[in-house]
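Report on the following structure.
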Amino acid sequence: MSGQFGKEELVHLHLLLFHVKKTFESYGLENEYFSEYDSLNISPVQIFRQKNEHQEAIFKLCMGIMKAMGKEKEAEELCKSLKRLAMVRAMY
């Protein structure tokens, strides 16, 4: 196994995180990451969308969930690490 998610696994993860977002919102917890997710105009049931679109949606949802849980510092560190990883991958 290569360690990377296939599209089907990404869609399942997207769906799970979407439900977590909806739960937070039902308690009145919203933030800019959830707004950014909403602006992507993608939902987990849109299985025809590109893999990278689901990945971006998952990223926004994870960041929003971490911030809603009071883990903003950790979310920022994760964001920086992922950006560094993306830059390294782009070089190869």
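What is the ratio of the Cα radius of gyration of the chain to 2.2 N^0.38 Å, with N the residue count, to two decimals?
Values: Rg = 13.6 Å, N = 92, 2.2 N^0.38 = 12.3 Å.
Cα-based Rg divided by the globular estimate yields 1.11.
Please give the net charge around GLY64, taking every other residue with its beta carbon less than 9 angstrom from that of GLY64, where Lys and Arg add +1 and Asp and Glu add -1. Each step should come with its number before you reach the end.
Working: positive: LYS21, LYS60, LYS67; negative: GLU30, GLU32, GLU36.
Net local charge, GLY64 excluded: 0.
Just order 36-42, 22-28 by mean Cβ neighbour count inside 10 Å, highest at the front, would you?
36-42, 22-28
FYI, it's all coordinate maths here, none of it is from the lab. Given the structure is predicted, the values throughout are model-derived calculations rather than measurements. Virtual Cβ from ideal backbone geometry, glycine too; neighbours counted across all protein chains shown.
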